[in-house]
Amino acid sequence: MFYTYILYSSVRDKYYVGSTSDLIGRLKTHNTNHSGFTGHTGDWRIVWSEQFVEHSGALLKEKQIKGWKSRKLIERLISSAGSEHPDVNSREGRPD
């Protein structure tokens, strides 16, 4: 399975959109101390995700969301999905 996901950092007050086949592993990577956009804060949490059978579907959804370039549309998508994902926002997805 493949996923398109949206992360949120309260430290930066920013969203990040991506896709992966390993949602938990990818969250752990984003929360490491690295030089990319998501590096150095360690507080990223998954606020939305959608599952796809094929990689191409996840990539298309990621591209669609990034094309919006609108925080309001991203927040509308998140709120329409209901609550956050407690299974991936637990301790296992965060660095020690």
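Structure summary
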| read-out | value |
| --- | --- |
| Flag for residue 29 being within 14 Å of residue 12 (Cα to Cα) and not charged (D, E, K, R) | no |
| Every residue from region 1-42 that is of a type in the set (Val, Ile, Thr), in a loop (DSSP other than H, G, I, E, B) and open to solvent by less than 70 Å² (accessible area, probe 1.4 Å) | 32, 38, 41 |
| Top-ranked residue in region 48-96 [being among the acidic types (Asp, Glu) and open to solvent by 90 Å² or more (accessible area, probe 1.4 Å); ranked as modelled with the highest pLDDT] | 54 |
| Filter pass, residue 27 being free of Cβ contacts under 8 Å to residues at least 12 places away in the same chain and in contact with a strand residue (DSSP E or B) (Cβ under 9 Å, 6 or more places away or on another chain) | no |
| Residue check, residue 45 free of Cβ contacts under 8 Å to residues at least 24 places away in the same chain and buried (at least 17 other Cβ atoms within 10 Å of the Cβ) | no |
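The values are calculated or read from the model by the stated rules, or taken from the named source; none is laboratory data. On a predicted model such as this, the values are computed, not experimentally measured, just so you know. Here the Cβ is made from the backbone with ideal geometry for all residues, glycine too, and neighbour counts use every protein chain on show. Accessible surface areas use protein heavy atoms only, side chains included; no ligands, DNA or RNA. Shrake-Rupley method; radii C 1.70, N 1.55, O 1.52, S 1.80 Å.
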